[in-house]
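Working notes, beginning with the structure itself.
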Amino acid sequence: MFCALPRLPFAGFLFLFGLAFLLGPRGADADDLLTYRWQGVDRTAILHIPAGAAGHPAPLVIVMYGSDDKAANFQKNSGFDAVADRENFITLYPEAIDGAWNIKSRKPAINGEPVDDIGFFRTMIDDLVGRKIADGSRVYATGFSFGALMTYTLACALPDRISAIAPVASAINEAQVEDCKPGHPMPVMMINGTSDDVQRYDGYIRSFGRLLSVPETTEYWRRIDGCTGETSTPLPHLNPHDLTRASLVQWTGCQADTGVQLYRIENGGHCWPRLARPDTGSGMDDPPDGPRFGGCSNDIETAAEVWSFISRYHGE
């Protein structure tokens, strides 16, 4: 059950760099490297706590990168920390095993056993909530590309811990839908480009399974959330050199205090949209996966839009 605002026990030995800092007064906007012993290996994550979020349980946003990226790189390129510093929430950037999340279609292994990413995420959340660093009723997940797929996995596997999700540049895959049955109500915001040649807007069938189309994915969540209406609004076009066009599709009348919305980027490629800079007409930073993956909209700031949506919701 979710409420809209006007929105495994701890396993393994924890090595926490800067532990005294987390438990007491701290400087502004410092980062900590968390290390958890999980499945016999060290799993790490970068924790960013703004000064305004320190010393009390604060909202937590888990941010997951795409295939073969790194947590520190995505932290730099996603723009999330700037929003966190302004809005006083915590960001957490986990590191995947061999650059890949366990999302049904890709199955990384540790010592011959499938990587238990769900257990790793559960442990991190429970640890931060138990230490009163994170607010357990306001834990959110977002991710790019294969990180978006991991976002869907967390929504299905940990609906008691995740209050809302915002996957970017990927629909859900068929194996995840099957694994998710019967499904749980969940606020969902998506950002997808119609010309994405990596995680295609219309989906695909490959040897490892089928990726649903974006319309199939939004319909899946619309049914689960019981939404009854739909609106579509074109967004202001900010950069005349940008060949993409953005619109916001919102499903209304949703039950259980949820919501579903899609930023549909016409001619958009496989990227994380950033606002244009007035002086250059380009995004504030290079897209996380670079221009080779197609057009990247400069009409929205992804991190800001994600926070605007997910922050409306909290668990019980």
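The values are calculated or read from the model by the stated rules, or taken from the named source; none is laboratory data. None of the values given here were measured: they were computed from a predicted structure. Cβ: placed from backbone, ideal geometry, glycine included. Neighbour counts: every protein chain shown. Heavy atoms of the whole protein, side chains included, go into the accessibility calculation; ligands, DNA and RNA do not. Shrake-Rupley method; radii C 1.70, N 1.55, O 1.52, S 1.80 Å.
The table for this structure:
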| read-out | value |
| --- | --- |
| Residues (open to solvent by less than 20 Å² (accessible area, probe 1.4 Å) and part of a loop (DSSP other than H, G, I, E, B)) located in segment 71-121 | G79, F89, A96, G99, W101, I103, P108, V115 |
| Meets criteria (touching a Gly at 6+ places or on another chain (Cβ under 9 Å) and open to solvent by 10 Å² or more (accessible area, probe 1.4 Å)) for D126 | yes |
| Residue, modelled with the highest pLDDT, within segment 157-175, restricted to residues that are of a type outside the set (V, I, T), outside any loop (DSSP other than H, G, I, E, B) and farther than 20 Å from E316 by Cα | P167 |
| Positions within segment 142-172 being open to solvent by 10 Å² or more (accessible area, probe 1.4 Å) and of a type outside the set (F, W, Y), in sequence order | T153, C156, A157, P159, D160, R161 |
| Failed item, numbered, when Q176 is tested on (1) under 19 Å from I97 (Cβ atoms); (2) open to solvent by 40 Å² or more (accessible area, probe 1.4 Å) | (2) |
